[in-house]
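As structure tokens, the structure follows; a few thoughts come after it.
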Amino acid sequence: MTTLKWSDYYYKQVGISDFPSERVRVVIDDLSIDIDTPFAFEDRHDELPIEQFIGSVAKVYSLTTDTCRPQLAYHAFVASHRPNYMDGYFPITQSLSKEIHRQFHKTVSKVMLNTGFDVRLLDEQYSYIRKVPALAYLVAGHIVEMFFYRQDILDALLKGTIHIWLYTNVQAYKAAGGVAGGCYNSQHDCIQLVVSRLFEGFNQPTAGVSPFLHEFGHLLDYFDAGTLKAADKSSGWLPGMRPSDGAIYTPEAREAFIAGKRLEMDRYDRQVVKPDGLDPLPIGHPYVFQNNSEFVAGYLEMFFRNPHYFATQNPSLYSSFQLLFKQDPRDYWQADFPFYVEQNRAFYKSGQRPHASGLKVDID
Ligand SMILES: [Zn+2]
């Protein structure tokens, strides 16, 4: 029996040792585990069914030609079917009481079963690989995390169908016309993402980059809650910010968004005229000032990853997200994911002149 400390290992990537001369072993960070030896966690009660665990590791390995190495948490969930193993992927769960926590996972399961939730894993032949429910769980969990306190918006999205198309590897993604590392395809109203990117920001105890959140921000920007369909162009708003959104309309979020976005645009324009890198600086990188859709996607991601810096720099814009999502990520983020903060500040401090902004605020 191998015994591990869950809290030290849940975020470590799992692979298969590939020395042909050796017996196959599962590698979890610095540990190499014999596949016939069961293992358990000293800080958790349950023992993992080893066959199911190995089966999950082998399945991801072969489906993705070893281009995707999920963390221990993912495989532990597949092997045990215990949703709590997935909590590291959903930082909000840290702030929930036992009962609400259970409700969170119940909501995730409900989303998975909803006919408006379409998650596919596609390979290079465009074949649709069905039996990977844990991936759908991961995606559904991210969505529920955003809308846990706005189930009305979530219901509206599901009435319009959420399409998430994942690809087994980069070749499969490119073959399907995927752009850059991940994208929202407005023609098909779907998010396209190489599956490994779903796991990218989770190799340390605190969640980091989140390509999924970013791309989901684009999907939200295109979603028209008035018609429950994706529009053919960017709106520049999140669902619930337009009077035409019906019952989910949240006017106070709209007002705060307009004021906060104006402030970001002013700060950005000031750097375009005079790139002195002096505070107050815009929170986002010049990348998100290209157009309204990037702005929505970029700030959505930052709201859930560096809420403290966001709230300090631009309280109005922060409160627009807070009012819309009816939650405050500062409650469950002790410290920001520093990369976005530092990288963005470093650009403005570098003295480079940012490109002119492509944003507008008076759109509807
Ligand atoms: Zn983007």
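Only the coordinates and a few stated rules stand behind these numbers; no lab work does. What you are looking at is a predicted structure, and each value in this text was computed from that prediction instead of being measured. Positions of Cβ are backbone-derived with ideal geometry, glycine not excepted, and every protein chain shown enters the neighbour counts.
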For the pair ASP152 and SER316, how long in nm is the line joining their label points, each one 7 Å along Cα→Cβ? 2.5
Inter-label distance, nm, simple model (7 Å from Cα along the C-beta direction), LYS233/ARG270: 3.2
Rounded if a/c is under 1.5, else prolate if a/b beats b/c, else oblate: with a ≥ b ≥ c from the C-alpha gyration tensor eigenvalues square-rooted, which is the chain? prolate
Could you go through region 347-356 in sequence order and give the Karplus-derived ³J(HN,Hα) for each residue, using 6.51 cos²θ - 1.76 cosθ + 1.60 with θ = phi - 60°, rounded to whole Hz, and x for Gly and Pro? 4, 5, 6, 6, x, 5, 8, x, 5, 5
Env charge @ VAL194, Cβ radius under 15 Å, K,R +1 / D,E -1, value -1
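Between LYS106 and ARG262, take the C-beta separation as r, use R0 = 56 Å, and let me know the FRET efficiency to the nearest 0.05.
Taking R0 as 56 Å, the efficiency between LYS106 and ARG262 is 0.90.
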Using alpha-carbon positions, what is the distance between the centroids of region 291-345 and region 136-194, in Å? 21
With -39,500 (n - 2.57) per DSSP H segment of 4 or more residues and division by the full residue count of the chain, the 222 nm estimate, nearest 500 deg cm²/dmol, is -13000 deg cm²/dmol
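Hey, can you rank 198-210, 233-245 by average C-beta count inside 10 Å, highest first?
By packing density, highest mean first, the sequence is 233-245, 198-210.
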Tensor-based shape of region 250-349 (alpha-carbon gyration tensor, a/c under 1.5 rounded, otherwise prolate or oblate): oblate
Go through region 222-229 residue by residue and turn each phi into a ³J(HN,Hα) via Karplus (6.51, -1.76, 1.60, θ = phi - 60°); whole Hz please, and just put x for glycine and proline. 7, 6, 9, 5, x, 10, 6, 9
Under a plain spin-label model, where a point goes 7 Å from the Cα along Cα-to-Cβ, how far apart in nm are ALA346 and SER127? 4.3
Under 16 Å from the ASP8 label point (7 Å along Cα→beta-carbon), backbone N, region 175-218: 205
A chain fully extended from THR65 to ARG25 at 0.36 nm per residue, minus the present Cα-Cα distance, gains in nm 12.7 nm
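Within 10 Å of each candidate Cβ there may be at most 15 other Cβ atoms; applying that plus a DSSP loop requirement, which trypsin sites (Lys or Arg not before Pro) in region 1-83 survive?
LYS5, ARG23
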